[in-house]
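Taking it in order: structure first as structure tokens, then the write-up.
The values are calculated or read from the model by the stated rules, or taken from the named source; none is laboratory data. Keep in mind it's a predicted model, so treat the numbers as computed, not measured. Here Cβ is always computed from backbone atoms with ideal geometry, including for glycine, and neighbour counts include all displayed protein chains. Quick note on the areas: whole protein, heavy atoms, side chains included, nothing else; ligands and nucleic acids left out. Shrake-Rupley method; radii C 1.70, N 1.55, O 1.52, S 1.80 Å.
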Amino acid sequence: MDRSPNTPASVPTMVERDPWLRPAAAEIADRGRRFADRLGDIRKWNRSLSDYANAHLYFGIHYDPVRHGWWFREWLPGAKEVFLFGDFNDWERTQYPAERLPDSNGVWSLFLPDKTTCGRLRHGSRVKMYVHGADGTWMDRIPAYIRRVVQNETTKDYCGQVWEPPTPFDWTGDDYDLNTRTARDGGPLIYEAHIGMAQEREGVGTYNEFTENILPRIKEAGYNTIQLMAIAEHPYYGSFGYQVSSFFAPSSRFGTPEELKRLIRRAHGMGIGVVMDLVHSHYVKNTNEGINRLDGTDCLYSRPGPSGQHPQWDSMLFDYGKYEVQHFLLSNLKYWLDEVHFDGFRFDAVTSMLYRHHGISAPEWGLDAYFGDGADRDAILYLTLANELVHEIRPGAITIAEDVSGMPGVTVPIREGGIGFDYRLGMAIPDFWIEYLKDVPDEEWNLYRMWEVLCNRLPGVRTVAYCESHDQALVGDKTIAFRLMDKEMYFSMNRGSQNLAIDRGIALHKMIRLVTSTLGGEAYLTFMGNEFGHPEW
């Protein structure tokens, strides 16, 4: 069997290095074997893992310059009938039926020659699928692999848009260098940002405004990495991008895919890497906009029944053990790396992925929790494949895990028995600062306690330290600046004011950031605006 250089040894190095893990050695080794076996199966039929992760080049809607027409393909195993329609045929639902391909496990295919549609199906056409589902329903749906989704200004409903410009995006210019490696070099200094909220004006900001107005400020402030939230299309703006509906479509609220590419090209020209806040932990429950029940079943991309739903987030969970789902998600990673030139990913809600209980009413963290029946072996396998793929495609890319559980091995290299992330988020650090600011008077602050929290990580576990991220600044909490200065910020921030609350607040604001960035990890992150202390959420 073809073996990866990352294939773990029979006794994983991470176990040899940490005697505490010896009782879990068999499970850790078995995780490594599952990874090696799955990778071997993939390579048996494909040249590489990267070659396998090309579903986005086959599925969706693509122009064939040889046959002069458009291919439409979708994986819908439970569907009884599938049609493609849109503005190119005056929204006539049943004019163009797709054919279920034999021996394909439910792939539907349709080829539309230019002459059939009189050339009306083209780049920019608005399209939908009409699906006769396994449950007997007929529904207008958006293809899962669509590259762009737009909203009707009048009806407010969403539809797919064919996005295949006749001229490929020009990645030259802006001193662009695809081999920019600043996201790794010397440790990332990460500026976390949301395109729509980054502007001073009222309204939703755009990719172009971010490029022109915000990138120069980020460069001047000394950050070498940007982490962008809310990039994949999401119907509810208030979800901050964490209820994804279309995984291959950059949010059209902010502009076109080309405008996002221009933003990244300009950032790279400035020596700034761009990391995507990636949501592969769940997907939106909506059936009008998303992939839920796309073929009329509840188990297309999810496990059936309650096990396919997240009870707290009211969203759907992926079935990571299903090969088609692995194919979809791995291809999604490659799409963002190859087509849009992101420099890596911050994987959202990794704790929810790692465990079948998703971190809800979790047992006391320990070996039994990390390596027992509560761990989701399918999700762990997917995350290991994901890290292998990212670093195979772009060795200089970075991956960051948002995991609060502290599962051993998350940031250990795959060849040593780990999952292969480059960094983890130091999520205990902002919780510590909130606790101190809320409950402990200044004169009782304990320097040893600060040192203990900021340095509490195993050797080799590279950590992104932060005082506050979007979790603290957006989701109904208070920023550190507002905790320190409260309403005084509104009236006494001018240089002429003599205000002890402001003087104390600014001093502590600076010192908290200094000690966190110095001791808290090998990388540092701040959410936009918090570097100068913007008020409230």
Of the convex hull enclosing the alpha-carbon atoms of segment 209-331, the direction-averaged projected area in nm² is 8.7
Just to confirm my numbers, what's the Cα centroid distance between segment 327-345 and segment 139-154 in Å? 20
Karplus couplings for segment 514-528 from phi (6.51 cos²θ - 1.76 cosθ + 1.60, θ = phi - 60°), rounded to Hz, Gly and Pro as x? 5, 6, 5, 5, 7, 10, x, x, 9, 8, 9, 9, 9, 8, 3
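Mean 1/r over all different Cα pairs, inverted: what Kirkwood radius does segment 417-537 give, in Å? Don't skip to the answer; put the middle values down first.
Details: mean 1/r = 0.0656 Å⁻¹.
For segment 417-537, inverting the mean 1/r across all distinct Cα pairs yields 15.3 Å.
I'd like the FRET efficiency for R120 and Y448, computed as 1/(1 + (r/R0)^6) with the beta carbon distance as r and R0 of 56 Å, rounded to 0.05.
Once the sixth-power term is evaluated, E becomes 0.20.
What dipole magnitude, in Debye to the nearest 20, does segment 188-244 give about its Cα centre under +1 on Lys/Arg Cβ and -1 on Asp/Glu Cβ?
Numbers: 3 positive and 7 negative charges, 23 e Å.
Once rounded to the nearest 20, the dipole reads 120 debye.
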Exposure of F111 as accessible area (Å², to 10), given a probe of 1.4 Å and all protein chains: 40
Apply the Karplus parameterisation 6.51 cos²θ - 1.76 cosθ + 1.60, with θ equal to phi minus 60°, to every residue of segment 242-250 and state each ³J(HN,Hα) to the nearest whole Hz, in sequence, with x for glycine and proline. 9, 10, 6, 10, 10, 7, 9, 10, x
Violating pairs (Cα-Cα greater than 28 angstrom) within the set K128/K261; K156/K334; K156/K261; K44/K322: K156/K334
Which residue, chosen from Y52, P19, A134, occupies the Cα position most advanced towards the positive end of the dipole of segment 1-142, where the dipole is computed from +1 (Lys, Arg) and -1 (Asp, Glu) charges on Cβ about the Cα centre? P19
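Under the definition of Cα pairs under 8 Å and six or more residues apart, what whole-number percent is the relative contact order of segment 223-290?
Numbers: 94 pairs, mean separation 27.9, N = 68.
In percent, rounded to a whole number, it is 41.
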Using amide H atoms built in the peptide plane, which far-off residues or other-chain residues are under 5 Å from G69 H to H? D64, D114
Lys, Arg +1 and Asp, Glu -1 on Cβ, resulting dipole of the chain about Cα centre, debye, nearest 20: 900
Which order, highest average first, do 404-415, 319-330 follow once you tally other Cβ atoms within 10 Å for each residue and take the mean per peptide? 404-415, 319-330
Using the crude model of +1 on Lys and Arg Cβ and -1 on Asp and Glu Cβ, and no other charge, please compute the dipole size for segment 265-365 relative to its Cα centre, in debye to 20. 100
Roughly how many Å² of C455 are accessible to a 1.4 Å probe, to the nearest 10? 50
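With an 8 Å cut-off on Cα pairs and a minimum separation of 6 or more residues, tell me the relative contact order of segment 35-187 in percent.
18
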With label points built 7 Å along Cα→Cβ from the Cα atoms of K156 and S109, find their separation and express it in nm. 4.1
Could you compute how much accessible surface I61 exposes when probed at 1.4 Å, giving the result in Å² to the nearest 10? 20
Explain nothing, just compute: Karplus ³J(HN,Hα) = 6.51 cos²θ - 1.76 cosθ + 1.60, θ = phi - 60°, for every residue of segment 397-411 in order, whole Hz, x for Gly and Pro. 6, 10, 10, 10, 9, 8, 10, 8, 7, x, 4, x, x, 4, 9
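Per residue, what accessible area does segment 96-228 have, given a 1.4 Å probe and all protein chains present, in Å²? Provide the component values of the computation, followed by the final result.
Working: 6400 Å² over 133 residues.
Heavy-atom accessible area per residue stands at 48 Å².
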For the pair M511 and R100, the simple spin-label estimate (label points 7 Å beyond Cα toward Cβ) gives in nm 7.0
For a quick check: with amide H placed at 1.01 Å from N, whose amide H comes under 5 Å from K80's, ignoring anything fewer than 5 positions away on the same chain? H132, G133, A134
Option label - volume of the Cα convex hull per residue in Å³ computed here, alternatives [x] 162; [y] 245; [z] 136: [x]
Please list, ordered by chain and number, the residues whose modelled amide H lies under 5 Å from the amide H of G344; skip anything fewer than 5 residues away on the same chain. M276, I398
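Ignoring ligands, DNA and RNA, what percent of the accessible area of segment 42-135 is carbon or sulfur (1.4 Å)? Could you put the intermediate results ahead of the total?
Values: 2330 of 4600 Å².
Within segment 42-135, the accessible surface is 51 percent carbon and sulfur.
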